[in-house]
Protein chains: 2
Amino acid sequence: MNEEKFLELLNEKKFKDVRSALQAMNTVDIADVLSDLDDKELIQAFRLIEKSKAADVFSEMSNSMQAYLVEMFTEKELKDILDDLYMDDTVDLLEDLPANLVTRILEHVDSNKRTQINTILNYPEDSTGSIMTTEYVNLKKHTTVEGALAHIKKTGIHKETIYTCYVLENRKLIGIVTAKELMTMDSDMTMEELMTTEFLSVTTHTDQEETAKLFSKYGFLAIPVVDRQGFMVGIVTVDDAMDVMLDETTEDMELMSTLNPSETSYFETSVLTHAKNRIGWLMFLMLSAMITQTIIAKYENAFAALPLLVSFIPMLTDTGGNCGSQSSTLIIRGIALDEIQFKDIFKIMFREFRIAVLVGLALSITNGIYIMIRYKNPMIALLVGISLIATILMAKIIGSILPLFAKKLHLDPAIMAAPLITTIVDAGSILVYFNVATKLLNLA
Amino acid sequence: MNEEKFLELLNEKKFKDVRSALQAMNTVDIADVLSDLDDKELIQAFRLIEKSKAADVFSEMSNSMQAYLVEMFTEKELKDILDDLYMDDTVDLLEDLPANLVTRILEHVDSNKRTQINTILNYPEDSTGSIMTTEYVNLKKHTTVEGALAHIKKTGIHKETIYTCYVLENRKLIGIVTAKELMTMDSDMTMEELMTTEFLSVTTHTDQEETAKLFSKYGFLAIPVVDRQGFMVGIVTVDDAMDVMLDETTEDMELMSTLNPSETSYFETSVLTHAKNRIGWLMFLMLSAMITQTIIAKYENAFAALPLLVSFIPMLTDTGGNCGSQSSTLIIRGIALDEIQFKDIFKIMFREFRIAVLVGLALSITNGIYIMIRYKNPMIALLVGISLIATILMAKIIGSILPLFAKKLHLDPAIMAAPLITTIVDAGSILVYFNVATKLLNLA
């Protein structure tokens with residue numbers, strides 16, 4: 001079913017066809033198609049979705065669509081949706097709704113669920129608690145495989161995942177059993193015999209990025225979450241972990257490009273917010289560039305005597321920036337993937353030193369040939385060559401160690417990326433360039 | 001069990017303790033610990049792993065460890081591991097082994113499996129075929145839930161995932177049933193009644209990045225893969241999709257920092273390879289910077305008359321680079337997340353234009369204040385201000401549209417990132433700067 005056809009059916013009020021079209025679509029695609037409708041069409045179309053799918057479609061929608069629907073829902077519609085919504089999606093919904101709608105929703109959930117919602121809403125924004133859900137399958141250690149399967153058959157539909165089951169004793173997690181084991185093992189085995197007792201868990205206060213990393217490292221489908229007292233309170237599922245991974249990567253890329261990370265997508269962010277997100281770092285770096293400016297101003301005599309010198313400045317600073325960017329990106333990414341630790345710092349410096357020498361020689365020689373052909377001036381070729389090698393050395397060393405220090409100081413290594421390093425290396429390379437120039441060419 | 005304790009036990013030849021330590025650890029952690037051993041210890045320790053875990057641990061190891069083990073294995077050990085290894089892991093193994101070991105392995109698999117291996121090895125490197133596995137649960141449409149569960153109980157252990165089951169007819173996929181449905185629905189329902197017939201599938205030649213995106217969009221645990229004739233040939237599971245996502249993100253970040261993407265991690269890559277991966281773009285950009293160099297050289301008279309002019313060049317070009325980087329990063333990431341399409345180009349240009357005006361004014365005013373305080377020269381403040389605004393406008397427009405054109409031309413948008421844009425914008429901003437300077441300050 002393509003979108004145009006769908007809109008046509010809706011406009012022609014062929015509701016029966018719309019309904020069967022919706023039946024054939026999956027929930028993500030339905031949310032996609034609905035996002036193109038105007039408000040009136042939206043509530044109309046939403047009411048045509050079969051009941052078993054409605055909550056799933058609702059949870060895939062944007063906040064503005066959700067807010068509109070909550071406002072339009074009858075009491076019964078709202079209650080039905082809320083009953084079917086998983087805890088993590090309920091919390092997501094509440095986090096972004098205007099206060100009057102939040103009140104409306106909280107009136108429709110029972111006091112037990114309301115307490116749970118409030119607990120989750122109170123977890124810090126980037127914590128695992130804020131992305132977990134509280135619906136999971138819990139089993140007792142004396143339950144048999146047969147008993148467990150019967151339990152799942154009765155209650156499983158309302159759990160976000162039934163593929164990892166948790167064996168609890170006094171609210172504490174003592175073991176994990178997978179649905180695969182339940183489906184393939186003898187029906188009279190007990191959970192105690194079957195369960196894995198060496199399992200990983202995270203706490204409600206674990207950084208959500210750390211939790212997400214465990215999924216890619218271990219290939220989990222879900223991970224249990226315990227509170228500070230060690231009681232099991234929920235699970236995080238792989239789909240939510242994937243969302244966190246994508247968001248954190250976007251955030252890293254934004255930080256690396258001097259952007260304040262934005263919660264919303266490009267088009268959802270207003271021009272003014274875009275400008276605000278960009279100005280901070282630009283301003284800081286522009287003011288930092290005044291150091292380089294001051295240095296250059298000091299060497300007026302040098303380039304008044306030999307104006308050609310000036311023309312190589314951008315090539316020199318750009319190359320420094322690019323070299324620093326290469327090193328810092330590799331280190332930042334290596335830290336993010338847990339491949340690089342602070343203790344590797346000397347190993348890294350030695351590597352970057354050797355790489356810088358190789359790269360520096362290659363670039364200096366190429367550049368020397370260019371200058372000889374074009375300006376036939378061996379002294380300038382030598383000067384630019386020396387400055388290039390020095391710049392590349394500085395850029396690679398600074399670019400590789402700053403992210404490591406950031407990590408050590410519990411800052412996000414991504415802020416130590418190309419732009420900051422460029423600004424630092426600029427000053428250094430200009431200093432080298434004019435110092436060598438004055439000596440080599442007797443310009444003082 | 002921490003690593004040191006483990007190594008201690010191994011060195012003291014307390015093999016019984018080592019064995020029970022290994023029993024308590026999960027396969028990823030075992031592979032981690034083993035990676036610190038030298039060759040002799042490695043084979044010794046590997047032989048202490050319980051048989052049911054050995055293949056899983058093996059598949060988590062690095063290529064060099066795998067190669068060493070394959071060389072050391074007895075015929076029986078090799079056969080046992082190969083029998084337990086999933087198809088995707090077998091193919092991964094073969095892709096990186098030296099030829100003599102590949103031959104050794106192929107001698108130990110039956111001809112049917114060998115044909116499958118050869119087919120998968122022939123799929124292009126970034127294709128979905130190259131990451132799929134061929135072990136999945138297939139069912140017939142008249143099978144009942146009870147029959148399906150019995151089938152899974154018998155065969156499921158050797159399938160990479162049993163949580164999504166595939167209903168086939170004449171080798172073609174006609175529907176999908178989840179384990180959740182099998183576990184919660186009436187036991188006499190047939191697959192035909194239960195199955196979803198509207199499902200997504202990919203082909204063996206679909207780009208693996210496209211396939212991985214479907215996982216994050218739809219929250220799949222597995223996706224079916226069909227060949228060009230429409231026959232079902234395998235599945236991709238969520239853990240492999242996550243690996244692809246991480247690799248593709250790393251590749252994007254590397255491209256954005258003028259690095260040739262590397263298949264290996266920072267420390268696994270030799271200094272020479274690092275240098276090679278970095279030199280290409282640096283060289284290209286350095287030579288491109290000669291254009292800026294030529295432009296500057298033409299304005300010798302201008303800065304011979306007013307040397308202070310020179311000192312603002314790095315600030316100007318750096319700001320241009322940073323502004324371009326901000327825009328290109330947002331667009332590159334937006335394209336990667338399918339939030340931005342080529343058809344949005346005019347909308348984007350208009351947004352970036354407005355953002356550039358706001359950012360440009362803020363920076364120009366700040367900079368003007370600095371110049372007035374420090375040099376008390378309103379003409380230079382005006383000159384730098386105008387140049388800044390022009391530079392920021394150029395940077396934001398060029399930075400935002402180049403990735404879109406790259407996408408249109410089926411290139412990776414990530415190559416149109418900060419470094420290339422910096423080099424282009426440099427030339428433009430220098431031209432504006434000196435042109436305005438000569439006119440404003442009568443320097444011609």
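The values are calculated or read from the model by the stated rules, or taken from the named source; none is laboratory data. These numbers were taken from a predicted model, which means no experiment stands behind them. Cβ sites come from the backbone with ideal geometry, for glycine too, and all protein chains shown count toward neighbours. Please note that ligands, DNA and RNA were not included when accessible areas were found on the heavy atoms of the full protein model with its side chains. Shrake-Rupley method; radii C 1.70, N 1.55, O 1.52, S 1.80 Å.
Look at (1) of a type outside the set (S, T, N, Q); (2) at pLDDT 90 or above; (3) over 30 Å from A:Leu173 (Cβ atoms) and you find that A:His108 fails only one, number (2).
Just one of the listed residues (A:Ile152, A:Ile157) is of a type in the set (A, V, I, L, M), open to solvent by 10 Å² or more (accessible area, probe 1.4 Å) and in the same structural domain as A:Glu209 (by the TED database), and it is A:Ile157. Any residue in segment A:194-204 that is within 10 Å of chain B (Cβ to nearest Cβ), touching a residue at least 60 places away in the same chain (Cβ under 8 Å) and over 26 Å from B:Ile335 (Cα atoms)? So far as segment A:194-204 goes, no, none of its residues is within 10 Å of chain B (Cβ to nearest Cβ), touching a residue at least 60 places away in the same chain (Cβ under 8 Å) and over 26 Å from B:Ile335 (Cα atoms). For segment A:60-83, does any single residue satisfy the condition of being in a loop (DSSP other than H, G, I, E, B) and within 30 Å of A:Asp126 (Cβ to Cβ)? There is at least one residue in segment A:60-83 that is in a loop (DSSP other than H, G, I, E, B) and within 30 Å of A:Asp126 (Cβ to Cβ). Total residues in segment A:271-292 satisfying the condition of being touching a residue at least 24 places away in the same chain (Cβ under 8 Å) and either more than 21 Å from the chain's Cα centre (by Cα) or more than 23 Å from B:Arg354 (Cβ to Cβ) (or both): the figure is 6.
For segment B:210-225, enumerate the residues that are open to solvent by less than 50 Å² (accessible area, probe 1.4 Å) and either at pLDDT below 95 or of a type outside the set (Val, Ile, Thr) (or both).
Of everything in segment B:210-225, those that are open to solvent by less than 50 Å² (accessible area, probe 1.4 Å) and either at pLDDT below 95 or of a type outside the set (Val, Ile, Thr) (or both) turn out to be B:Ala212, B:Lys213, B:Leu214, B:Phe215, B:Ser216, B:Tyr218, B:Gly219, B:Phe220, B:Leu221, B:Ala222, B:Pro224.
Just so you know, in segment B:42-51 the residues that are open to solvent by 40 Å² or more (accessible area, probe 1.4 Å) and in a helix (DSSP H, G or I) include one that is farthest from A:Gly175 (Cα to Cα), and it is B:Gln44.
What are the residues in segment A:406-433 that are over 20 Å from A:Glu210 (Cβ atoms) and surrounded by fewer than 24 Cβ atoms within 10 Å (Cβ to Cβ), if any? A:Leu420, A:Ile424, A:Ala427, A:Gly428, A:Leu431, A:Val432 - these are the residues of segment A:406-433 that are over 20 Å from A:Glu210 (Cβ atoms) and surrounded by fewer than 24 Cβ atoms within 10 Å (Cβ to Cβ). Checking each residue in segment A:144-171 for being among the aromatic types (Phe, Trp, Tyr) and away from chain B (no Cβ under 14 Å) picks out only A:Tyr166. Considering A:Ser201, A:Ser288, A:Ser262, the condition of being touching a strand residue (DSSP E or B) at 6+ places or on another chain (Cβ under 6 Å), surrounded by 16 or more Cβ atoms within 10 Å (Cβ to Cβ) and among the small types (Gly, Ala, Ser) is satisfied by A:Ser201 alone. Quick check on my filter: what residues within segment A:390-424 are of a type in the set (A, V, I, L, M), touching an Asp or Glu at 6+ places or on another chain (Cβ under 7 Å) and within 21 Å of B:Thr317 (Cα to Cα)? Answer for segment A:390-424, where residues must be of a type in the set (A, V, I, L, M), touching an Asp or Glu at 6+ places or on another chain (Cβ under 7 Å) and within 21 Å of B:Thr317 (Cα to Cα): there is none.
One line per residue, one yes/no per condition, for (1) without any contact (Cβ under 8 Å) to a residue 12 or more places away in the chain; (2) outside any helix (DSSP H, G or I); (3) farther than 24 Å from A:Ser387 by Cβ:
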| position | (1), (2), (3) |
| --- | --- |
| A:Leu404 | no, no, yes |
| A:Lys407 | no, no, yes |
| A:Ala414 | no, no, yes |
| A:Pro419 | no, no, no |
| A:Val425 | no, no, no |
| A:Gly428 | no, no, no |
| A:Leu431 | no, no, no |
| A:Asn435 | yes, no, no |
| A:Lys439 | yes, no, no |
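Can you tell me which residues in segment B:10-32 are in contact with a helix residue (DSSP H, G or I) (Cβ under 9 Å, 6 or more places away or on another chain), closer than 24 Å to A:Lys217 by Cβ and either open to solvent by less than 50 Å² (accessible area, probe 1.4 Å) or acidic (Asp, Glu) (or both)? If the condition is that a residue be in contact with a helix residue (DSSP H, G or I) (Cβ under 9 Å, 6 or more places away or on another chain), closer than 24 Å to A:Lys217 by Cβ and either open to solvent by less than 50 Å² (accessible area, probe 1.4 Å) or acidic (Asp, Glu) (or both), then B:Leu10, B:Val18, B:Ala21, B:Leu22, B:Met25, B:Asn26, B:Thr27, B:Val28, B:Asp29, B:Ile30, B:Ala31, B:Asp32 are the ones that fit.
Yes/no matrix, rows are residues, columns are (1) surrounded by 15 or more Cβ atoms within 10 Å (Cβ to Cβ); (2) over 30 Å from B:Ala302 (Cα atoms); (3) within 9 Å of chain B (Cβ to nearest Cβ):
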residue	(1), (2), (3)
A:Thr258	yes, yes, yes
A:Ser270	no, yes, no
A:Ala297	yes, no, yes
A:Ala302	yes, no, no
A:Leu316	yes, no, yes
A:Gly321	yes, no, yes
A:Thr329	yes, yes, yes
A:Leu358	yes, yes, yes
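The numbered conditions (1) surrounded by fewer than 17 Cβ atoms within 10 Å (Cβ to Cβ); (2) within 14 Å of chain B (Cβ to nearest Cβ) are all true for A:Lys141 except (2).
Any idea which residue in segment A:315-339 is nearest to the chain's Cα centre (by Cα), counting only those that are outside any helix (DSSP H, G or I) and within 18 Å of A:Asp207 (Cβ to Cβ)? Break it down into steps so the answer makes sense when it comes.
First pass over segment A:315-339, keeping only residues outside any helix (DSSP H, G or I): A:337-339.
When the remaining residues are screened for being within 18 Å of A:Asp207 (Cβ to Cβ), the result is A:337-338.
Details: A:Leu337: 13, A:Asp338: 15 Å.
That would be A:Leu337.
With the condition kept exactly as written, say whether any residue in segment A:87-108 is in the same structural domain as A:Lys180 (by the TED database) and in a helix (DSSP H, G or I). No, there is no match, as no residue in segment A:87-108 is in the same structural domain as A:Lys180 (by the TED database) and in a helix (DSSP H, G or I).
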